[in-house]
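So the structure is just underneath, and the comments pick up after that.
All of the numbers you see were taken from the coordinates with simple rules; none came from a lab. The shown structure was predicted, so the numbers you read here are calculated from the model rather than taken from an experiment. Glycine gets a Cβ as well: all are built from the backbone with ideal geometry, and neighbour counts include every protein chain shown.
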Amino acid sequence: MSVWLPLLLSALAMTAIVGVRYLVASGGFALATRLRHPGLYRGLDAQMRREVLWSLASAAIYGIPAGILAWGWRAHGWTRVYTAIEAMPLWYLPVSVLVYLFAHDTWFYWTHRWMHRPRPFRLAHAVHHASRPPTAWAAMAFHPIEALTGAVIIPLLVLVIPIHVAALGLVLAIMTVMGVTNHMGWEIFPRFLWGGPFGGWLITASHHQRHHDQYGCNYGLYFRFWDRLCATDRGLGNFAAAHARAARRAGDDRRAGVGVARGRGGTDRDA
Ligand SMILES: [Zn+2]
Ligand SMILES: [Zn+2]
């Protein structure tokens, strides 16, 4: 059998998995937002539709190299992904997760800084920053050029750094959850993960919010290491402004509702 058909099927399957994973994760956290902070995304419907479309396009760009690698792994033993737990010492399991996260963070920090240069920004990264403020649906809202920079890093890492298949699953789960929650518009994690000495090295929504507010700072993905080393860390953002904007929008909506009702001859007094 030609290699093209299984290769194509693997790429399609991975695209579907990445797309469904995005819809489930972003949908789940968008629902949590609705329950916890009703009205936070009010007035952002058109933006959220755009975020979903860009994200689904990104799912294909992420799915294709991942599918090719998954096929090569099964058919030809490409990649350093291992399944027998005894193939490496046990201590290597957590170490491999940290190594992957740090390597991904390093790649992200420098490509992200590059994308804030004027030309790459106009050409590609402006799509991600068109979300003002971002929502849980913005996790993969990237121009294809930016999606490509994000899509190649894990496939490149699995070619060179050994990792157990379950540890790789954990890395991908962390990547998904942080990608969504960093854009959610509120802090879901306990204070010690974003405040205090421990939080001083980790990135959650409070940190990434400031990047979306001020652009030229807080470029990291998981850790504040590179931001702190390169003096681009400006500390945590403030969600109060985003929440106040949402409350203003809600107020405007209510007033508009009164106008419509009165225009129809209604007598809504409490709207
Ligand atoms: Zn972002
Ligand atoms: Zn940016």
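Using Cβ point charges alone (K and R +1, D and E -1), the dipole size of the stretch 4-186 about the Cα centre works out to roughly 520 debye. Here the 3J(HN,Hα) profile of the stretch 147-160, calculated from phi with Karplus coefficients 6.51, -1.76 and 1.60 at θ = phi - 60°, is 4, 5, 5, x, 6, 8, 5, 5, x, 5, 5, 5, 6, 10 Hz, Gly and Pro shown as x.
The label-point distance for LEU172 and LEU193, in a model that sets each label 7 Å from Cα toward Cβ, rounds to 2.1 nm.
When peptides 241-248, 93-100 are ranked by their average number of other Cβ atoms within 10 Å per residue, the highest-first order is 93-100, 241-248.
Amide H contacts for PHE223 (H built 1.01 Å from N in the peptide plane; partners 5 or more residues away or on another chain; cut-off under 5 Å): ILE203. Considering only TRP194, SER96, ALA124, and ranking their Cα positions along the charge dipole of the chain that arises from unit charges at the beta-carbon of Lys, Arg, Asp and Glu, the one farthest toward the positive end is ALA124. Peptides 48-55, 224-231, 177-184 ranked from most to least packed, by the mean per-residue count of other Cβ atoms within 10 Å: 177-184, 48-55, 224-231. For the chain, pairs of C-alpha atoms spaced more than 35 angstrom apart make up 23 percent of the total. For the stretch 4-186, the relative contact order comes to 36 percent (Cα pairs under 8 Å, sequence separation of at least 6). Peptides 136-145, 157-166 ranked from most to least packed, by the mean per-residue count of other Cβ atoms within 10 Å: 136-145, 157-166.
Distances between placed amide hydrogens fall under 5 Å for GLU187 paired with no residue 5 or more residues away or on another chain. Taking the charge dipole of the stretch 4-186 about its Cα centre, with +1 at Lys and Arg Cβ atoms and -1 at Asp and Glu Cβ atoms, the residue from ILE68, GLY39, SER58 reaching farthest to the positive side is GLY39.
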